[in-house]
Amino acid sequence: MIGKTSFRLTTKILLLALANVAVLGGLFLAFVRLQLGQDFESFLMTTARERILSESRSIALEMRDSEASSWTQVLAEHSATHGVTFALYRGDGDWVAGPKLSLPKELKERFVAPMGGRGRESGRPFDGRPREGPPHEMPSARIMASFGAGPFLTTAKGDGDYNYWVTMRTFIPPDGPTERPSRGMLVIASPNLLTNPFFFQLTPWILIGFAAMVVSMLCWLPLVRGITGSITQMTDATAKIAEGDFDTQVSVMRHDELGLLGVSINRMAARLGAFTHGQKRFLGDVAHELRSPLGRMQLALGILDRKVDESGEAYVNDLADDVRVMAALTDGLLEFAKAEMRQGVLELGPVNLADVVWRAVKAESRNGVQVEVEVDPLLMVTGEAECLFRAVANVLRNAVRYAGEQGPIVVTAGRIRGEVNLIVSDGGPGVPDESMDQIFAPFYRLEYARDRESGGAGLGLAIVRSCVEACGGRVSCRNRDPQGLEVSMVLSAT
């Protein structure tokens, strides 16, 4: 019997395909990081640009419409909403509103760069041209126009837990009616970048990765299913061939190495079938041809026994024993050959199992041997009566020969899920575990069964298997606890 695999080939190949996608994705990410160098984080934050611009404009508008004393509260509310820290500084690095952060020097060096240009120095008015309306009022259109550059990302370790600093150019509303707006920097600080949805949206990348995996599976699945389907078909076919079904053929629909393997399996099954059929016919023909000369030898020995004197009587008896053993072997060979040749050609039908069992018990019973039968008289199975009789009779013959003096031989039968299990159990020595799979092979005999008095030709259980399988059943055996052997014949119920 072929065992089940612990890990299917389909699963292995698909996992390999997914691992391939993951490795390629990792290599691509490493290549991009190597090429971009320090700008890798900025590349990742590209999708957050519009979000940062929108949030900065919203903060600027709220600060314009509120008192300077409430600016810190405005920044705190936005910080709590987005999971980052907002703080407002002037262009020269002076704190204006929000938490007072300890800015790293890399960030301070970057303050001046985006502020360069004529009319954009730190602390200077927003522009020097006259404006309509009071000087402290700034139209929303101008606020929107003031966010043309940035945002800028700086990766540096500050005094706190912040590792990523985003600066965005903004304006600082005037403190009084005579003041004008001045330029400033909105600082956005966060301890992480990839796991913060304000900067980096992980969901689209997950969807892209999932889509890549799905596409890979769709590309690999037809190939995998084709390979595993062919392998499964060949596995089933070789299992049937191992059980003796040499008519099994593999459907060859491929034109690759698996197709060639299927052709080879078909050729192997055909040749094994021819060899086996020839062997069975040879055994049957030899056994049949030997019966006539053996019969004449037995007749001659009978005549010789009456004419020989006492000095030659022992030799005649030994010769008669040898001829009797040869005759039994010939009969066993002929019976085995007939059982093998009839597989697949029997006309199966309903058989009363109790009738078959009682016939076998009457045929194989011996004085001093107790046989107990527990079979329902109405139990019917699918098979052929004579074939089943030979199978049960051979099992009983072995039980009587090796365990007849060690307790009763019990024959039971029970119906389980559309099948009938016929069991013959005894209290004999049993079978060594290493020989359990071999006792149904032709001519196999255990060591204690090799003498002339107790041993046969090793064909009894081989005949049992051939007869049971010819009736569409299966046979097995196991040792009983503490001793004894149990032979099980499973047949289809009717």
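The values are calculated or read from the model by the stated rules, or taken from the named source; none is laboratory data. Predicted, not measured: the structure shown is a model, and the values here were computed from it. Here the Cβ positions follow ideal geometry from the backbone for every residue, glycine too, while neighbour counts run over all protein chains shown.
Quick one: is Ala363 in a helix (DSSP H, G or I) and assigned by TED's automatic domain parsing to the domain that holds Cys471?
Details: in a helix (DSSP H, G or I): yes; assigned by TED's automatic domain parsing to the domain that holds Cys471: yes.
Yes.
Scan Glu347, Glu310 and give me the residue that is surrounded by fewer than 18 Cβ atoms within 10 Å (Cβ to Cβ), of a type in the set (Asp, Glu) and at pLDDT 80 or above.
Numbers: Glu310 fails: at pLDDT 80 or above.
Just a single option satisfies the conditions, and that option is Glu347.
Of the conditions (1) surrounded by 14 or more Cβ atoms within 10 Å (Cβ to Cβ); (2) modelled with pLDDT under 85, Glu106 fails just one. Which one is it?
That leaves (1) as the condition not met.
Kindly evaluate Val325 against the criterion of being touching a helix residue (DSSP H, G or I) at 6+ places or on another chain (Cβ under 7 Å) and either modelled with pLDDT of 80 or more or not assigned by TED's automatic domain parsing to the domain that holds Asn394 (or both).
Numbers: touching a helix residue (DSSP H, G or I) at 6+ places or on another chain (Cβ under 7 Å): no; either modelled with pLDDT of 80 or more or not assigned by TED's automatic domain parsing to the domain that holds Asn394 (or both): yes.
No.
At pLDDT below 85, over 15 Å from Arg397 (Cβ atoms) and surrounded by fewer than 13 Cβ atoms within 10 Å (Cβ to Cβ): is that true of Tyr448 in this structure?
Criteria met by Tyr448.
Is it the case that Ile172 is under 30 Å from His78 (Cβ atoms), exposed (fewer than 12 other Cβ atoms within 10 Å of the Cβ) and among the aliphatic types (A, V, I, L, M)? Before the answer, list the steps.
Details: under 30 Å from His78 (Cβ atoms): yes; exposed (fewer than 12 other Cβ atoms within 10 Å of the Cβ): no; among the aliphatic types (A, V, I, L, M): yes.
Spelling it out, it is not the case that Ile172 is under 30 Å from His78 (Cβ atoms), exposed (fewer than 12 other Cβ atoms within 10 Å of the Cβ) and among the aliphatic types (A, V, I, L, M).
Answer with yes or no whether Leu301 is touching a helix residue (DSSP H, G or I) at 6+ places or on another chain (Cβ under 6 Å), under 20 Å from Val420 (Cβ atoms) and surrounded by 16 or more Cβ atoms within 10 Å (Cβ to Cβ). Working first, answer last.
Details: touching a helix residue (DSSP H, G or I) at 6+ places or on another chain (Cβ under 6 Å): yes; under 20 Å from Val420 (Cβ atoms): no; surrounded by 16 or more Cβ atoms within 10 Å (Cβ to Cβ): yes.
Here the answer is no, as Leu301 does not meet what is asked.
Considering each of Ser264, Ser292 in turn, give the residue that is within 50 Å of the chain's Cα centre (by Cα) and either over 19 Å from Glu469 (Cα atoms) or assigned to a helix (DSSP H, G or I) (or both). Full working, then the answer.
Values: Ser292 fails: within 50 Å of the chain's Cα centre (by Cα).
From the options Ser264, Ser292, the qualifying one is Ser264.
Taking the conditions exactly as written (in a helix (DSSP H, G or I), exposed (fewer than 12 other Cβ atoms within 10 Å of the Cβ) and either at pLDDT 80 or above or hydrophobic (A, V, I, L, M, F, W, C) (or both)), does Asp355 satisfy them or not? First the steps, then the outcome.
Working: in a helix (DSSP H, G or I): yes; exposed (fewer than 12 other Cβ atoms within 10 Å of the Cβ): no; either at pLDDT 80 or above or hydrophobic (A, V, I, L, M, F, W, C) (or both): yes.
It is false that Asp355 is in a helix (DSSP H, G or I), exposed (fewer than 12 other Cβ atoms within 10 Å of the Cβ) and either at pLDDT 80 or above or hydrophobic (A, V, I, L, M, F, W, C) (or both).
Could you look through the range 59-102, keep only residues that are among the polar types (S, T, N, Q), part of a helix (DSSP H, G or I) and farther than 23 Å from Pro191 by Cα, and pick out the one that is nearest to the chain's Cα centre (by Cα)? Talk me through it step by step, then tell me what you get.
Here is the first cut: in the range 59-102, the ones among the polar types (S, T, N, Q) are 66, 69-70, 72-73, 79, 81, 85, 102.
After this cut, where a residue has to be part of a helix (DSSP H, G or I) as well, the list is 69-70, 72-73, 79, 81.
Right, trim to farther than 23 Å from Pro191 by Cα and you get 69-70.
On the way: Ser69: 67, Ser70: 64 Å.
That would be Ser70.
I need the full set of residues from the range 220-261 which are within 30 Å of Ala462 (Cβ to Cβ) and in a loop (DSSP other than H, G, I, E, B), in order please.
Glu243, Gly244, Asp245, Phe246, Asp247, Thr248, Gln249, Val250
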